Amino acid sequence: MARSVIGGRLPIGCSALKGDWANLTGSNASQTVLIPATNQTRINAIGLFTGQVGYAWNNVLWYVKGGAAVTDNKHSTFFTATGVEYNQTSEARWGGAVGTGIEIGFAPNWSVAVEYDHLFMGTRNVTFPATAIAVSRADDIHQNVDMATIRINYRWGGPVIAKY
């Protein structure tokens, strides 16, 4: 007999938070005065603070999730022709996160899951400080992140109750 459940969960404790170390890099061409330059952003870490609602049937759970996201970014600018970096700055950026996933139980306490998340980090005006070869400048940097996660989970048993 198939059993279906609709519900939600907000994991308790550390499992409500998801943190990942990353090395994601994106870049675009820029024209500073007359010299071609390239702006580059590297994401060093990502944190998600989300809740989820899902639908479960038999050993399968499908869910959607939403909440907040934070990224740790390093922005740098270098001369396109030589690759010499002349400006850099870093920032933590907050935004929104939405996602969906499916989790399938395949053995007692074991499951495998596939998840997709989109982070809406928005556009921020980032100020680059002056260096020995460049003046201080500001640039609007737009950032969105798409990421997919594949994971294997083990669910620990409930609380141990002493029997006398």
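Here ALA134 clears all of (1) surrounded by 15 or more Cβ atoms within 10 Å (Cβ to Cβ); (2) more than 22 Å from PHE49 (Cα to Cα); (3) at pLDDT 95 or above except the condition numbered (3).
Consider ILE133 carefully, then state whether it is over 18 Å from GLU103 (Cα atoms), touching a residue at least 60 places away in the same chain (Cβ under 8 Å) and of a type in the set (A, V, I, L, M, F, W, C). No; evaluated as a whole, the condition is false for this residue.
In the stretch 25-42 there is at least one residue that is modelled with pLDDT of 85 or more, under 21 Å from ASP146 (Cα atoms), in contact with a strand residue (DSSP E or B) (Cβ under 6 Å, 6 or more places away or on another chain) and not polar (S, T, N, Q). Would you check which residues across the stretch 112-139 are in contact with a Phe, Trp or Tyr (Cβ under 8 Å, 6 or more places away or on another chain) and under 30 Å from ASN58 (Cβ atoms) and list them? Residue satisfying the conditions is VAL112 alone. For the stretch 139-155, the criterion of a residue being assigned to a loop (DSSP other than H, G, I, E, B) and either at pLDDT 90 or above or at negative phi (or both) is satisfied by at least one position.
The residue that is farthest from the chain's Cα centre (by Cα), among those in the stretch 84-103 that are surrounded by 14 or more Cβ atoms within 10 Å (Cβ to Cβ) and among the aliphatic types (A, V, I, L, M), is ILE102.
The values are calculated or read from the model by the stated rules, or taken from the named source; none is laboratory data. Because the structure is a prediction, the values reported are computed rather than measured. No Cβ is skipped: glycine too gets one built from the backbone with ideal geometry, and neighbour counts run over all protein chains shown.
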